[in-house]
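Following this message is one structure expressed as structure tokens.
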Amino acid sequence: MSVLVSVLSIAATAWLAAQTTSGAIRQEQGQVLADDARIYDRLLGLAATTPNWRGADRTVRELSADTGRRIALTTQDRKVIADSAEGEGERGARLPARASAVVDPLAVDSTLAAGRDDDTAEGLGATSGVGTGTGAVDRIDPRAVGPFRLPAKEREELRSMAEKYVGCVRDTGVTVKTVEGPSGRPYLETTDGRGEQFTDPQCGAMHLNVPTRTERRALDKITRLAEACMRRKGTEPSVLRLTMSRGGVPRLAALGFDGPAAVPYPKETAPGQPGAPGEPGAPKKPSLVPPTAEPAPADPSEPPAEATPDPVEALATSCVDSARREQLGQYVSSPALLFITSQDGSRPSESGFQLSGANTARLVGLAAAILAVTVAVTAFAATRLTRPLRALTTATQRMKTGEATEPVPARSAGEISQLAAAFNDMAAHRRALEEQRKAMVSDVAHELRTPLSNIRGWLEAAEDGVVATDPELVTSLLEEALLLQHIVDDLQDLAAADAGTLRLHREPACAGELAEQVVAAHQARADAAGVRLTARAEGDPWLTADPLRLRQAVGNLVSNAIRHTPAGGSVTVTCRAAGEGWVTIEVADTGTGIAAGDLPHVFDRFWRADKSRTRATGGSGLGLAIVRNLARAHGGEVEVESEVGRGTRFTLRLPVT
């Protein structure tokens, strides 16, 4: 369980921490990149609308306070333009060797500007036609309008014209809205944001894309600069068809169009006057979009030809772009180096991010949740582990104080269950030993009390003159004293066996001779009881043993057999070799036998089948216990087999050496 909890908690912590940390790092990195793009776009818009970086210091400090980063603008030779660092002594100090970006409204960084919306991207010329495109050629910020910025009067005229058209189109069931571009020129797009233009003839001609007087002058200048550029490069200038995109940015729509570049306002009219575009009396036009050269339909029977780039178109595009840059140069700020670092300037922007409070709290919360789950699982496992241990501890303390102990339940498998089972066995064995000890004390007192009471009674009677101190009295008192001596000797032998101090004097001995000696010693008692006592040996079994202790053990078995065998019965002592290295001595009788329920207790100390413990039915109850201890002291064992009414057989199984 400990290994499982450890492995699962470590694996869960590693996986969840990796996932959460990776997500937090990606989020923080995305936030850093978003902040960098926002800073760049804000400063780019400032450079596109104001010359000489007017208001840069205030803008830089606002961005620094908003993003928590140090922001610095310097010239190409690293002369500080604006720096959010506090203190004049720190301005321009400790800036990285490499700038984060170059802020140039005439050369926009396409990577940092990739987040622009569609409206701004359209201002870069992302419309149909040849144009200058949004690729490597046209990188001018759409907010850099310069001379194309419309005065208030022209804005109002175009706005009024757009509102009339919006109202007319809405009457046809189409919803459009007016959007104002960076130069102040309004344009129309659908409410779904797709920016579609309309050519509904019912609303009249709509010339929102027709250049105003201000825009015409700016377009004429671009045309002159572009034509001069083409001549310098050895190409005769073609007719350049420059129009205004819907965002108010000049666009090279097509080449080779033999006609006016656009439809200017007539000198005698202006927007909002009769005869002006969109007013009554104005000539009808088929479309709101200036006409473009449509290619002839291809013959379906001929294979499509691959488009070949026209070098004149490419040169014209490049010259128009150069002309725009030359025209806008005086209206925008010069290029500047942008540095975005940590507050102290020690780390560049890409490595200067730190985990936010929310992400830090998320990681801490995740670790705390895993820790809580791990602690809960561990606590659950520990509770299951310690509950039986606490029960064992309580039972042990109760056992120490002598109180009765109930068995400790072992509900689960494993070492704890084995410990509980072993403890229950020990407690049961201890309880049995305690009961045996109490019974032994009672039995010893009873065995000693009887001869002592007899001796005391006869002595008191002799002292009082009731009986004469004749030889018969002395003989009786001697018999009682010998009985006491026998009981004490048996107790001493048992104590020595329990303490392991029972001394044996081993020597080679013949088992048959030992059996005959025991039979001869008990022959008189057997004859007096009317019991036939015999000894026989099968073969010539020899062993190494203490002859005195071995005769004592066999004698106790023979004495018990004679005592429990009625007259006419027999007791037989048989010796034989039992396999290699073993000798058995059997004492079998034809007596009353022992009940099956009493067989496990026959070797217990002071145990007797007769609970009244009368002297006529048995001895002290220590003989068989001594037999078992003597057999074990020789490295052997004693066994018993009995059947009530048919007799009993005790078998001593002893090793040869």
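The values are calculated or read from the model by the stated rules, or taken from the named source; none is laboratory data. The shown structure was predicted, so the numbers you read here are calculated from the model rather than taken from an experiment. Note: ideal-geometry Cβ built from the backbone for every residue, glycine included; neighbour counts use all protein chains shown. Heavy atoms of the whole protein, side chains included, go into the accessibility calculation; ligands, DNA and RNA do not. Shrake-Rupley method; radii C 1.70, N 1.55, O 1.52, S 1.80 Å.
Would you please classify the overall shape of the stretch 486-603 from the alpha carbon gyration tensor, given that a ≥ b ≥ c denote the square roots of the eigenvalues, rounded means a/c under 1.5, and beyond that prolate means a/b larger than b/c while oblate covers the rest?
Values: a/c = 1.57, a/b = 1.16, b/c = 1.36.
In terms of gyration-tensor shape, oblate.
A further question follows. Given R₀ = 35 Å, what would the calculated FRET efficiency be for Ser110 paired with Ala17, taking r from the Cβ atoms and rounding to 0.05? Walk me through the intermediate numbers first.
Numbers: r = 37 Å, r/R0 = 1.07.
Step by step, r from the Cβ atoms, then E = 0.40.
Let me ask something additional. Roughly how many percent of the accessible protein surface of the stretch 480-618 is carbon and sulfur, given a 1.4 Å probe and a whole-percent answer? Each step should come with its number before you reach the end.
Details: 3770 of 6900 Å².
About 55 percent, which is the carbon plus sulfur part of the accessible surface.
Can you pull the accessible area of Thr341 for me, 1.4 Å probe, Å² to the nearest 10?
Counting only protein heavy atoms, Thr341 exposes about 0 Å² to solvent.
Quote the FRET efficiency, to the nearest 0.05, computed for Thr657 versus Met1 with a Förster distance R0 of 41 Å and r equal to the Cβ-Cβ distance.
Efficiency at R0 = 41 Å is approximately 0.20.
Give me the number: length gained by fully extending Ala97 to Ala445, i.e. 0.36 nm times residue separation minus the C-alpha to C-alpha distance, one decimal in nm.
Details: separation 348, 0.36 × 348 = 125.28 nm, distance 10.76 nm.
Going from the current span to full extension adds 114.5 nm.
Spin-label point model (7 Å from Cα, Cβ direction): what's the Asp425 to Ala361 distance in nm?
6.0 nm
Evaluate the distance, in nm, between pseudo-label points positioned 7 Å from the Cα of Thr378 and of Asp540 along their respective Cα→Cβ axes.
7.7 nm
Continuing with the same structure: Between Lys400 and Arg387, what length comes free when the chain is fully extended (0.36 nm per residue of separation minus the Cα-Cα distance, one decimal in nm)?
On the way: separation 13, 0.36 × 13 = 4.68 nm, distance 2.00 nm.
Residue separation times 0.36 nm, minus the Cα-Cα distance, leaves 2.7 nm.
Shape call for the stretch 432-511 from the C-alpha gyration tensor, a ≥ b ≥ c root eigenvalues: rounded (a/c under 1.5), prolate (a/b greater than b/c) or oblate? Please list the in-between numbers first.
Working: a/c = 4.36, a/b = 1.65, b/c = 2.64.
Oblate shape, in that a/c is at least 1.5 and b/c is the bigger or equal ratio.
A further question follows. Treat each spin label as a single point 7 Å out from the Cα along the C-beta direction, and report the Asp489 to Asp220 distance in nm.
The modelled label-to-label distance comes out at 15.5 nm.
Find how much the distance from Leu459 to Gln330 grows on full extension, using 0.36 nm per residue of separation minus their present alpha carbon separation; answer in nm with one decimal.
On the way: separation 129, 0.36 × 129 = 46.44 nm, distance 15.01 nm.
Going from the current span to full extension adds 31.4 nm.
For Ala369 and Glu62, FRET efficiency with R0 = 35 Å and r from the beta-carbon atoms, rounded to 0.05? Don't skip to the answer; put the middle values down first.
On the way: r = 40 Å, r/R0 = 1.13.
Using R0 = 35 Å, I get an efficiency of 0.30.
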